[in-house]
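A short worksheet on the structure shown next.
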Amino acid sequence: MGVTTSRRRHLTGMSRETQIRVLIVGGGFGGVYTALELQRRLGRDREVQITMVSRDNFLLFTPMLHEVAASDLDITHIVNPVRKLLPGVSFFDGDVERVDLDRRTVVVAHGSDSHTHELPYDHLVIALGSVTNFFALPGLEERALTMKSLGDAIVLRNRMIALLEEADTECCAAIRERLLTFVVAGAGFAGVETAAAVNDFVREALRFYPNLSEEMIRMVLVHPGEVILPELSESLGRYAERKLEERGMEVRARTKVSAVTETSVTLSDGTTFAASTLIWTAGTTPNPLLAMLPCTKDRGRLCVNEYLEVPGWPGVWALGDCALVPNGASGAFHPPTAQHAIREGRCVARNIVAALRGGSRRPFAFRTIGQLASLGRRTGVAQILGFNFSGFIAWWLWRTIYLSKLPRFEKKCRVALDWTLDLVFSKDLVKFLTATGVTISHPPTERVEAATVALATAQG
Ligand SMILES: Cc1cc2nc3c(=O)[nH]c(=O)nc-3n(C[C@H](O)[C@H](O)[C@H](O)COP(=O)(O)OP(=O)(O)OC[C@H]3O[C@@H](n4cnc5c(N)ncnc54)[C@H](O)[C@@H]3O)c2cc1C
């Protein structure tokens, strides 16, 4: 769709009806970086109206999520408000309910009564991400904690503190074992970083709980593969395993969670142990909303061409975790990571601008630069441009690289300050009482919903 010269002459006094509408659904890495690039290239072009719809009004920096759970970073320091990031974009805080590709509209539920709005578009960018996959294991979705959203990190932090408080009192001695057993399922980046962070948090907190000791804590990392962190080389996976075991963690390879109850976890090797907490990072699946779209999909992800267009639907683009993006160089597909979603976002924006202004589209091409995992206690593992790093240097690279990637100078300063103060002070043990809004998988009796009101039972 090109913007003709005659239309350009009518720029001044242009009504909303005559504007070209670019609608981005999803405010994660893919959506925000598409909008940032569009804002940069089209910021002053009044012919184009850019709108973003997302249920969160912030961009969550997921690589640092485990640091919020482990009380290393303040809750709001790893999120950036969309309105501050994208002053040239209209933001619509709502839940996408339906995408009608034939009528070129998106239905969005919004407000406390969830009334709906119908938003028309000329170009639609689908960046709805993925959701946790519970593989239909009975009881798992209701009982497991997940590690995907800011709310998840807050809930996990609260859960750890609540369990330490409960286990410390004598009346709970009989059920201490269950309260102090933490199982993490899945040993990809999210699982390993979360397991390391939980382990450090709980063990470091023990000195404030006089009735608890190291031997009472049980941390189990369960994974189906031979070695953890399968995305990295085997030697780095083995190094990470060794480090976690040195810190008291049990690493169970070639094992899956086969059953979960309110009070226990059973593994595929037949072991059952009493555990109050199962953290599930063992799989994701594309956003279920995509199932209703009449386009080609592969295991739930939208198939796109090398320009990130959805074939057969002109003006519809998809990227990030919800899209299956062909890799022209390898003949395979690009992995669903933030570093890919960011570059795909820029590519979609360039191609939309080309479609609007009549230029030529560019195919998406990107090679993973590196992958890094923080293992806590100033150790990490990293594979960058084919080189392996482990220990302090990898941890330092993790912090330096991710700090540089965190959007906005203000948030960089806040995180750097948190990390500096961390050298002097111990981790905070304040439980957050939560109010409204964020969905949490949790037993009802222990349910806390994420928000920001601190319950003043502070000890740290
Ligand atoms: C704990 C964790 C750690 C990670 N660490 C790394 C890392 O170190 N490096 C790396 O490269 N990648 C990492 N990733 C992966 C990375 O976060 C994802 O690949 C990336 O977020 C994908 O971007 P996206 O835009 O496709 O989806 P997302 O970032 O998930 O964004 C999807 C957006 O859509 C919104 N949304 C969804 N459904 C609706 C709806 N119905 N209505 C309105 N809005 C909706 C969501 O609120 C969200 O804002 C990590 C992921 C996790 C969970």
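The values are calculated or read from the model by the stated rules, or taken from the named source; none is laboratory data. The shown structure was predicted, so the numbers you read here are calculated from the model rather than taken from an experiment. Cβ sites come from the backbone with ideal geometry, for glycine too, and all protein chains shown count toward neighbours. For the accessible areas, the whole protein counts, side chains as well, though only heavy atoms, and no ligand, DNA or RNA atoms are used. Shrake-Rupley method; radii C 1.70, N 1.55, O 1.52, S 1.80 Å.
Annotations
- Nearest 10 degrees, 0 to 90: helix 29-42 Cα axis against the chain principal axis: 30
- Beta bridges assigned by DSSP with both partners in the chain are antiparallel in approximately 55 percent of cases.
- Counting only DSSP beta bridges whose two residues both lie in segment 16-171, roughly 50 percent are antiparallel.
- Distance between segment 133-168 and segment 280-302 - C-alpha centres, whole angstrom: 24
- Cα gyration tensor shape for segment 280-355, rounded if a/c is under 1.5, else prolate or oblate: oblate
- Scoring 325-334, 147-156 by mean Cβ neighbours within 10 Å over their residues and listing the highest first yields 147-156, 325-334.
- Listed pairs 148/243; 405/431; 297/405; 148/431 exceeding 27 Å between Cα atoms: 405/431; 297/405
- A helix-only calculation puts the chain at -8500 deg cm²/dmol for mean residue ellipticity at 222 nm, using -39500 (n - 2.57) for each DSSP H run of at least four residues, averaged over all residues.
- Anisotropy class of segment 62-132 from Cα gyration tensor, a/c 1.5 cut: prolate
- In the chain, the longest principal axis of the Cα atoms and the axis of helix 150-168 are about 10 degrees apart.
- Check: segment 295-434 dipole with +1 on Lys, Arg Cβ and -1 on Asp, Glu Cβ, in debye: 220
- Cα lying deepest toward the dipole's positive end in segment 123-196, options 192, 174, 164, charges on Cβ: 192
- Distance histogram for the chain (every C-alpha pair counted, 10 angstrom bins, percent rounded to whole numbers): 4, 19, 29, 25, 15, 6, 2, 0, 0
- In the context of the full set of protein chains, residues of the chain present 45 Å² of accessible surface per residue (probe radius 1.4 Å, heavy atoms only).
- For the chain, size of Cβ-based charge dipole, Lys and Arg +1, Asp and Glu -1, in debye: 2020
- Direction-averaged projected area, Cα convex hull, segment 41-196: 13.5 nm², rounded to one decimal.
- Packing-based order for 264-273, 72-81, using average beta carbon neighbours within 10 Å, highest first: 72-81, 264-273
- In segment 257-390, the ratio of gyration radius to Kirkwood radius, Rg to Rh, stands at 1.11 when only Cα atoms are counted.
- Listed peptides 422-432, 24-34, 118-128 by packing density, highest first (mean Cβ within 10 Å): 24-34, 118-128, 422-432
- Rounded to the nearest 5, the antiparallel percentage of DSSP beta bridges internal to segment 222-346 is 75%.
- Alpha carbon centroid spacing (whole Å) that separates segment 321-399 from segment 60-78: 21
- Cα Rg, Dmax, segment 179-319, angstrom units: 19.7, 65
- Angle in degrees between helix 234-246 and the longest Cα principal axis of the chain, rounded to the nearest 10: 40
- Dipole magnitude of segment 87-207 about its Cα centre (Cβ charges: Lys, Arg +1; Asp, Glu -1), debye to nearest 20: 340
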